[in-house]
Structures are given as C-alpha cells and as structure tokens.
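Novice: Sharing a structure, written as structure tokens. Questions coming.
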Amino acid sequence: MFKNVVVLVLSLSLFCLVGLVGCGQGGGTEEQSVATTSTTMTTITTILLTSSSTTSTTIMSRKTISGIVRSFYDASEVVPSAIVYAGGVVIRSGDDGVYHLSGVDLTAETISAVLPDYVATTIPLIDDDVSIPLIHSSEVYFSLYVPERTQVNGRLIDESGAPVSVAVSCTFWADNYFNVYTSNSNSSGEFSFSIHMLENLNLYDGYLSAVNETGGVYKGKFKRVVLERGITLEVGDIVLDGSVTTVSGDIFVPDEYNLSLVECGIQVSPTTYIPLLRTYDLDEPIASSYSFYVPTSSEETYYIRAIATKGDFWSDVTSKYVIDLSLAEDSYTYDLSLPAGFSVVSPIPDQVGVSNIPKFEWASLGDDYIYLIWLGNDYDDIKWQGFTDKTYLEYPLYPLGSGGEIVNLEDGQEYFWIIMGINLSEIDLSDINVADFSSYTEHVYKTDMRFTVGEISASGVSSFGVKKGQGFKMHAEKFLREMGIRERIQKIR
C-alpha cells in the first residue's frame, strides 16, 4: 500500500512537471496539451511501476552459495585458491577450501571449480551448500610405459597326481591395470605365461585357475599369487581337487546392439573386479547364452558381467553386472537384460561451428540414472568433467581475468567428449565422493564424439598416428579407473 502511494505521488509530480513543459512549448491547443500530458503521465507511471517491480525482482533473484572445494578421493583434503563460478559470480576458495558466492542468479543450475593442475569440474546446484570435488591431474597421469615381460611357470595335476592337459586362465592386476591370459597345459601338465608388466609397477597380484572334467565330474582350483617384475614365478604343482560351480544364463540386448563379452570373475574390492573366465569376440556377436565352470572358494565374492556394443572401436556400449555372488551351490542361473543405449541430441558427432559454451543434451535413460561427461582433446589429459541428473549440461564460460578462462573452449579447436550413464539414483550430487561409484550395476556410455568450436583451424586438428580420439580415450580410461569406475572404454585387447 505504501509503495503504491509513493508511486502515485511521483506520478502526480511528474504529471505537473510535464504539464508545465507542455504548456511552455505551446505546441498545440490546451486539449492537445492535456492529452499529451496524460499519455506521458501514464507512460512514466508505467515506467516507475515497472522499475519498482524490476528492482524488487532483481533483489529477490539472487542467492548465496557456500561450500568447500576438496579432493574427490579424500573429503578431508581441501583445495585452496580454487576458482569457483556460478551464475555470473566468481570467487576463490580460502585456505580452508571454503567459498561463499553472493549474488548468484536464482536461475543458475550448476556450479564449477577449476585450478591449474586440476581437472575442471561442474556439478548441479541442487542445494545452497555444495561440496565441489576436484581431481589433481597427477593422480590420473597417463604415460605409455614400455612393458617388461616376466615369466610364470607351473604344472597342473589331478587328485591322483597325474598330469592334466586343460585350459589355464591367468589374470594379473596392479594399480587398476589388469591383463587376462589363457593357454593350455601340455601333456605333462606344464604351462607357461609371459606376462606384460609396466615398468612403473613392480608387483602384480594374480589368479591362476583351471578346471578338469573326468566322467562328467568337474574339479578345479584357483590359486592366488604375487608376481614381481623381472623375477620368474615358479608356481609349482596346482592340484585340481576343488569344487566347481556351473554358472549359466541368457543375455538380452537392445536393438541394434551385439553381445560382445560375458565374463565371470572375483570382486577383489568394491571397485576392483578381476575376470577369471571370459567369452568374447572383438568383431562378431557372440551367442546370447553363456555357461562357465568356475572353480570356487567360500572366501571369495564373485560377479557376472555382460557387454553389448554398437559401432566400431566400442563407441557405443551398454553393460550390466550381477554382483556380490556367493557361489556355494553346484549351479546357478543368471539372466541379464542390458539397458538401452544412448541417443545424443547435441553436439552431434563431427559437428562444426559449435558454441564455446556448448550445451550437451541426450535422451533420458531412466529415473535411476545419473550422467557423467568428460571432455578433452587428443593429445592432453582430461580438460573437464561434469556430473548431472538431468538430460543436459552446459559447459562453463569463465570471465576473462578470473583465472578460470584456462579451461574455456577455443575457437577453431577440435574436442572430444564421452558421456556415461550409471544407475546410481541414491547418490548425493552436492557431496560426491569416490566411494559413491562402487555400487552401480548398470552403465551405458558413448564415445568417439568430436566437435569443433567455431571454424576448423589447422592447429586445432590432432595429427596422432592412431584413430582420431584414441589418445583421448586412453587418457579417459585411466581417468575413469582412478575414479573407481571399473570400465574399459577402448576395445578389449
């Protein structure tokens, strides 16, 4: 009521002022002057009312966001001096990692943080208190180490001590790298593997497993070993006298996808899944029914995984796990229906003329999914990552001079991006931790997507001697594994 009175008084005052000016100009009859003056008064009154309303809206359309910038891997490890950006406002986190952003537009949907030597990160603004997780680039540094071969020798025998000639599976892993080997023992039961070990990793954990069938009865064994780089491992005799469980089932895949891999293995940790047995084909679809004879132990926890692919180089993948299996019985049946694949709206693959603040959009995979995006080029580490529960995410554009412009996209440059959907509906996107990614059972991803900001320039096109995007995918695969996301995004070799 009081505001309306004030506006009315102002309007009347202006009416008098305009009326005097109108009369002084003498530009027409008295009626014309009055009419002109009334119109002017109405216009000014409207402007005043609109201005008052706008001022009120401006005041009410701002908010304050507070939180902390910290390590993705350790919530107690803060990141000081990070450049935090949301809704047109930029500030640096303090020595304690804490930030306070005042005057953030209510329409802002995301908040971002960046710091040199860290991967820029964007997450949703779903609360006024948001923890922003950053990953130090050195924690996911990728280098093509020259592998060194280390020998593993052993012999398979049955319960009577007789040599056994059967298939042997050998899996070794370290620091999120693993290799799976298969071979056959000879007529003397002897087997040998030459294991690739990266020169920066001295110790590998491993499993050796084999199954023998005699008269319809299956016996087997898996043996856990440790391999030291450069030192031949003599395993000795492995007696195939343990229990064996038959695991079988049918796999149902989405239209246009081909079943490429089914595996059974051991959950070594919440984020480490080591295959024991695999059925796969790199080029042709495999049968939709599977069956494994698995040497089992009451001390181990098992899993089943199936992967279906579409396109070359595993550019479209859908996958499902059955986890936390205790294989205590003689046989189990597990049927798996794989989730639908991605349908990307924008940017479309190989699109040119994309904005430097691209809006990534895709069709929903379902209410249970969250989405992760990674962006980079073909010769550097991951440049940016984003998390969202929506079907779109916009790349941030930091103001010049803020320090955050180091991650702004450049005109004429070519970029690659990957999108992954994971069924983790319970995750708190305002407080993301590495442990959050240990419990998903379904994931879908799409790779080999590139776009060019503005027009193509010669300096913006990669000249690697590998298929375009493969350099980026190598970096991204290592990055995902360090995040606790247990997937290959390159073709299994």
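The values are calculated or read from the model by the stated rules, or taken from the named source; none is laboratory data. Here the structure is a predicted model, which means the values were calculated and not measured. With ideal geometry, Cβ positions are generated from the backbone for all residues, glycine too; neighbour counts draw on all protein chains shown.
Novice: Examine the range 375-385 for a residue that is β-branched (Val, Ile, Thr), in contact with a helix residue (DSSP H, G or I) (Cβ under 7 Å, 6 or more places away or on another chain), at pLDDT below 95 and at negative phi, and state whether such a residue exists.
Specialist: Residues of the range 375-385 that are β-branched (Val, Ile, Thr), as a first pass: 382.
The next check asks that each one be in contact with a helix residue (DSSP H, G or I) (Cβ under 7 Å, 6 or more places away or on another chain); those that pass are 382.
After this cut, where a residue has to be at pLDDT below 95 as well, the list is 382.
Now drop any that are not at negative phi, which leaves 382.
Among the residues of the range 375-385, at least one is β-branched (Val, Ile, Thr), in contact with a helix residue (DSSP H, G or I) (Cβ under 7 Å, 6 or more places away or on another chain), at pLDDT below 95 and at negative phi, which makes the answer yes.
Novice: Here is a further query. Filter the range 243-257 down to residues that are in a loop (DSSP other than H, G, I, E, B) and within 38 Å of the chain's Cα centre (by Cα) and give me whichever is surrounded by the most Cβ atoms within 10 Å (Cβ to Cβ).
Specialist: Filtering the range 243-257 for residues in a loop (DSSP other than H, G, I, E, B) gives 243, 253-257.
With the extra rule that they be within 38 Å of the chain's Cα centre (by Cα), the set shrinks to 253-257.
Numbers: 253: 24, 254: 15, 255: 7, 256: 10, 257: 19.
Taking the candidates together, the pick is 253.
Novice: Out of 292, 360, report the one residue that is under 19 Å from the mean Cα position of the chain (by Cα) and of a type outside the set (Ser, Thr, Tyr). Explain how you work it out, then say what you get.
Specialist: Working: 292 fails: under 19 Å from the mean Cα position of the chain (by Cα).
Result of the check over 292, 360: 360.
Novice: Scan the range 66-88 residue by residue and report those that are under 22 Å from residue 401 (Cα atoms) and either at pLDDT 95 or above or of a type in the set (D, E, K, R) (or both). Steps first, please.
Specialist: To start, the set of residues in the range 66-88 that are under 22 Å from residue 401 (Cα atoms) comprises 69, 79-88.
Scanning the range 66-88 gives 69, 79, 80, 81, 82, 83, 84, 85, 86.
Novice: Additional query: Mind telling me which of the residues 128, 96 ends up being modelled with pLDDT of 95 or more, more than 16 Å from residue 407 (Cα to Cα) and of a type in the set (Asp, Glu)?
Specialist: Numbers: 128 fails: modelled with pLDDT of 95 or more.
After ruling out the rest, the residue left standing is 96.
Novice: Filter the range 202-242 down to residues that are without any contact (Cβ under 8 Å) to a residue 40 or more places away in the chain and outside any strand (DSSP E or B) and give me whichever is nearest to residue 149 (Cα to Cα).
Specialist: In this case the residue turns out to be 202.
Novice: I've got another one for you. Residues that are outside the structural domain of residue 280 (by TED's automatic domain parsing) and either surrounded by 14 or more Cβ atoms within 10 Å (Cβ to Cβ) or among the small types (Gly, Ala, Ser) (or both): list the strands (runs of 3 or more DSSP E) wholly contained in the range 316-416 that include at least 2 such residues. Please lay out each step first, then the result.
Specialist: On the way: elements: 316-325, 331-333, 344-346, 351-354, 359-362, 370-376, 384-388, 392-394.
Correct list: 344-346, 351-354, 359-362, 370-376, 384-388, 392-394.
Novice: Still on this model: Conditions: (1) at pLDDT 95 or above; (2) more than 21 Å from residue 391 (Cα to Cα). Residue 338 meets all but one. Number of the miss?
Specialist: (2)
Novice: What is the one condition in (1) within 15 Å of residue 320 (Cα to Cα); (2) out of contact with any Leu (no Cβ under 8 Å at 6 or more places or on another chain) that residue 308 does not satisfy?
Specialist: (2)
Novice: Moving on to the next point. Residue 302 passes all but one of (1) in contact with a Lys or Arg (Cβ under 9 Å, 6 or more places away or on another chain); (2) not assigned by TED's automatic domain parsing to the domain that holds residue 440; which number fails?
Specialist: Exception for residue 302: condition (1).
Novice: Could you say which residue among 403, 353, 366, 341 is within 16 Å of the chain's Cα centre (by Cα) and small (Gly, Ala, Ser)? Don't jump to the end; show me each part of the working.
Specialist: Details: 403 fails: within 16 Å of the chain's Cα centre (by Cα); 353 fails: within 16 Å of the chain's Cα centre (by Cα); 366 fails: within 16 Å of the chain's Cα centre (by Cα).
That would be 341, the only listed residue that is within 16 Å of the chain's Cα centre (by Cα) and small (Gly, Ala, Ser).
Novice: Considering only the range 280-288, I want to know if a residue exists there that is surrounded by 21 or more Cβ atoms within 10 Å (Cβ to Cβ), part of a strand (DSSP E or B) and of a type outside the set (Asp, Glu).
Specialist: Keep residues of the range 280-288 that are surrounded by 21 or more Cβ atoms within 10 Å (Cβ to Cβ), which gives none.
So far as the range 280-288 goes, no, none of its residues is surrounded by 21 or more Cβ atoms within 10 Å (Cβ to Cβ), part of a strand (DSSP E or B) and of a type outside the set (Asp, Glu).
Novice: Just a yes or no: is a residue in the range 137-149 surrounded by fewer than 16 Cβ atoms within 10 Å (Cβ to Cβ) and either modelled with pLDDT of 95 or more or more than 25 Å from residue 471 (Cα to Cα) (or both)?
Specialist: Looking through the range 137-149, none of the residues is surrounded by fewer than 16 Cβ atoms within 10 Å (Cβ to Cβ) and either modelled with pLDDT of 95 or more or more than 25 Å from residue 471 (Cα to Cα) (or both).
Novice: Here's a follow-up. Which one of these is under 26 Å from residue 160 (Cα atoms) and β-branched (Val, Ile, Thr): 279, 182, 272?
Specialist: Working: 279 fails: under 26 Å from residue 160 (Cα atoms); 272 fails: under 26 Å from residue 160 (Cα atoms).
That would be 182, the only listed residue that is under 26 Å from residue 160 (Cα atoms) and β-branched (Val, Ile, Thr).
Novice: Quick one: is residue 227 more than 21 Å from residue 302 (Cβ to Cβ), surrounded by 19 or more Cβ atoms within 10 Å (Cβ to Cβ) and modelled with pLDDT under 95? Outline the logic, then answer.
Specialist: Working: more than 21 Å from residue 302 (Cβ to Cβ): yes; surrounded by 19 or more Cβ atoms within 10 Å (Cβ to Cβ): yes; modelled with pLDDT under 95: yes.
The answer is yes for residue 227.
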